[in-house]
């Protein structure tokens, strides 16, 4: 193995880590006054890291030369695709955060640093080709996330969210580790290539238990049913910019990780895990749709919506084909844009004193008082519901197309039927905003940055997004070709 | 001969100090006996050639865990007599747990007699290194093959430290700390004033 080549392959991680350490010193001496400067510098570094990973995606890097550190880390096109989404979400979080926290006088200089280190961990997750890399990346992300959820420590809800996330997350990590140790014991290796070779003669019961426990731990991280209980509480309690982060980057990282584990390490044993994924997927779609119906808080509603969407994304994984994996990447890209638009719009809902409004009934008649925000929220809701002219439909279309091609018609039909239930609560929000008597609560002024982010994200999910379908599809195909070439 | 004597010495000491740990009335004594049990277990590990695990036992369990226990026992005001109350009430539950453990032991011994489970064969890196002490073998892997992960684990610890500081550190404004530089920088001219108060009037400073 060539050390210099390995070090070159982890250049984005090195850049972010070294910059994080330097900015930590700036934070230590500058204090919270320097937090804005640190946020800007951190965003610049993350954009730089995106530039560093882009060539691997454009050049469709794959094969042994993308493998670093004795096959523990892989910087191929698939990892690059996921990393661009992750770093992009982190940058958006950093742009949304300062205004929000300054309102509570609690913008901490360490917040951008936690986002950076979480991004390093998530980058390691999507590049992991070894169980150890997987676990270390996951823990780096999780530890930073627990702290970010609780960062408004004087706010009871934020502290509760952090504690809940921490306790349940640790439990999930324990279950994941148990599954990993079983897999290691029965396959004889921690590297995905070694596991793939070790289980090539069929799965023993022990290895099957290993897969089940690992999937349980990973399903927690992407908030798939039946490991979704923490999601509404954490999404509601965490500060809104942090919720934006949770709904985007860790989802991409977790899904990328599950794809690598199942399609790389257990790719030849698809029959063993497909039924588990089918169950998780359908359960997430149904529970996400039904759970959202009674919600009054719009952040809780978005939490159930994220459970619902993860279910749809997993439909692509259940097919275990390249078309399905490519559809997942397309869907997850659109989902990130929808989440960013949704939560940015929620950040703009302020009453006359500048307090944040989160109750759905308070949005009554928003179309008359704040038509722009109402239009943006309606676009997001229609798009999340998958109603055709909007881009959210395309994501659902590609994963269901993959399911139909893989002869999984019952799965596709059940999924589509459940998405109709989901449409109900999305449309209910639109109805409250457009047809109810104005409650006249939302009056506050919005930040120019928030407006810019909301506009860009809304244009992406509007019908104009269809101009990107062929490009997005090609890029996702490049990424998944690299993923399947590793088999 | 000597290692047989050493084995029985360590084994008897381990079992005896473990027994005293649960039997002793004073919780501080319990923790001290527990530490002795850890030391003897470490001795047993050295006898089997697993000197790295022996070091871990002493450093992690004695150095960190047992001292933490000791702190908890000594700093918190726990009424241990009250904790022991209700023996009769909880006896059925305790007996049930004991039965489950007994059943597990019988099962385990039975399974051991049948033979080992069919595990995977370790690949090149997981195979036992010949002629190298296990501390050296772990060190060689940790600082070469797994260097990347070792460094990343360091970053995790840094994140944990940042998190602990972010969530607990407070700048308190209501305390009056000593500022030595400010004290030293103070000159007599600005510290004392010469006033001549009129009779019957106070002094304004």
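Since every read-out is calculated from the coordinates, none of them should be taken as a lab result. A quick note: this is a predicted structure, and the numbers were derived from the prediction, not measured. Glycine gets a Cβ as well: all are built from the backbone with ideal geometry, and neighbour counts include every protein chain shown.
Available extension along the chain between residue A:33 and residue A:279 is 83.6 nm, counting 0.36 nm per residue and deducting the alpha carbon span. For region B:131-205, evaluate the Debye formula with one uniform point scatterer on each Cα (no solvent term) and list log10 I(q)/I(0) at q = 0.17, 0.23, 0.27 Å⁻¹, rounded to two decimals. Relative scattering, expressed as log10 I(q)/I(0), comes to -0.90, -1.07, -1.15. For chain A, the relative contact order works out to 16 percent when only alpha carbon pairs closer than 8 Å and six or more residues apart are counted.
Across peptide A:414-426, the average count of Cβ atoms from other chains found within 10 Å of a residue's Cβ is 0.
Just want the ordering: A:130, A:264, A:440, A:407, from fewest to most Cβ atoms lying within 10 Å of their own Cβ.
On the way: A:130 26, A:264 21, A:440 14, A:407 10.
Going from sparsest to densest Cβ surroundings: A:407, A:440, A:264, A:130.
For residue A:178 and residue B:29, a Förster radius of 35 Å and the Cβ-Cβ distance give a FRET efficiency of 0.50, rounded to the nearest 0.05.
Projecting label points 7 angstrom from Cα along Cα→Cβ for residue A:471 and residue A:293 puts them 4.1 nm apart.
With r defined as the distance between the Cβ atoms of residue A:428 and residue A:452 and R0 fixed at 45 Å, what FRET efficiency is calculated, to the nearest 0.05?
Numbers: r = 29 Å, r/R0 = 0.64.
Using R0 = 45 Å, I get an efficiency of 0.95.
When each of B:199, A:126, A:429, B:65 is scored by the number of other beta-carbon atoms lying within 10 Å, the sequence from fewest to most is B:199, B:65, A:429, A:126.
Quick check on the exposure proxy: order A:212, B:114 from fewest to most C-beta atoms within 10 angstrom. Walk me through the numbers before you get to the answer.
On the way: A:212 15, B:114 7.
Ranking A:212, B:114 by Cβ neighbours within 10 Å, fewest first, gives B:114, A:212.
Between residue A:439 and residue B:180, the distance separating the two model label sites (each 7 Å from Cα on the Cα→Cβ line) works out to 5.9 nm.
Could you work out how much longer the chain between residue A:459 and residue A:485 gets when fully extended? Use 0.36 nm per residue separation minus the Cα distance between them, nm to one decimal. Please list the in-between numbers first.
On the way: separation 26, 0.36 × 26 = 9.36 nm, distance 3.45 nm.
Gain on extension, residue A:459 to residue A:485, equals 5.9 nm.
For region B:12-65, the alpha carbon positions stretch 36, 24, 9 Å along the principal axes, listed from largest to smallest.
Determine the calculated [θ] at 222 nm for chain B from helices alone, applying -39500 (n - 2.57) to every DSSP H run no shorter than 4 residues and normalising by the residue count; nearest 500 deg cm²/dmol.
Working: 10 runs with 130 residues, N = 205.
Only helices count here, giving -20000 deg cm²/dmol.
Between residue B:85 and residue B:151, take the C-beta separation as r, use R0 = 45 Å, and let me know the FRET efficiency to the nearest 0.05. The formula returns an efficiency of 0.30 here. Rounded to whole Å, the principal axis extents of the Cα atoms in region B:1-94 read 48, 29, 21, largest first. Relative to the current alpha-carbon distance between residue B:164 and residue B:190, full extension at 0.36 nm per residue lengthens the span by 5.1 nm.
Could you tell me what fraction of 2.2 N^0.38 Å the Cα radius of gyration of region A:189-274 comes to, as a two-decimal ratio? Could you put the intermediate results ahead of the total?
On the way: Rg = 15.4 Å, N = 86, 2.2 N^0.38 = 12.0 Å.
Normalised Rg, Cα atoms only: 1.29.
Regarding region A:238-327, what's the average projected area of the Cα-atom convex hull, expressed in nm²? Numbers along the way, then the final one.
On the way: hull surface 23.9 nm².
About 6.0 nm², averaged over all directions.
Relative to the longest principal axis of the C-alpha atoms of chain A, give the angle of the C-alpha long axis of helix A:448-461, reported between 0 and 90° and rounded to the nearest 10°. Once rounded, one gets 60 degrees. Remark: C-alpha extents of region A:57-194 on the principal axes read 51, 37, 16 Å, sorted largest to smallest. Between helix B:87-114 and chain B there is an angle of about 50 degrees, using the helix long axis and the longest principal axis of the Cα atoms. Per residue of peptide A:137-146, the mean number of Cβ atoms on other chains within 10 Å of the residue Cβ is 4.
Peptide B:140-153 has a mean of 5 when you count, residue by residue, the C-beta atoms of other protein chains within 10 Å of its C-beta. The angle between the Cα long axis of helix A:11-30 and the longest principal axis of the Cα atoms of chain A comes to about 40 degrees, rounded to the nearest 10. Per the Debye formula on identical point scatterers at the alpha carbon atoms of the protein assembly as shown, with no solvent, log10 I(q)/I(0) at q = 0.06, 0.07, 0.11 Å⁻¹ is -0.43, -0.57, -1.19. Normalised by the number of residues in chain B, the mean separation of alpha-carbon contacts (under 8 Å, six or more apart) gives a relative contact order of 12 percent.
Based on DSSP H segments of at least four residues, each scored -39500 (n - 2.57), chain A has a per-residue ellipticity at 222 nm of -25000 deg cm²/dmol.
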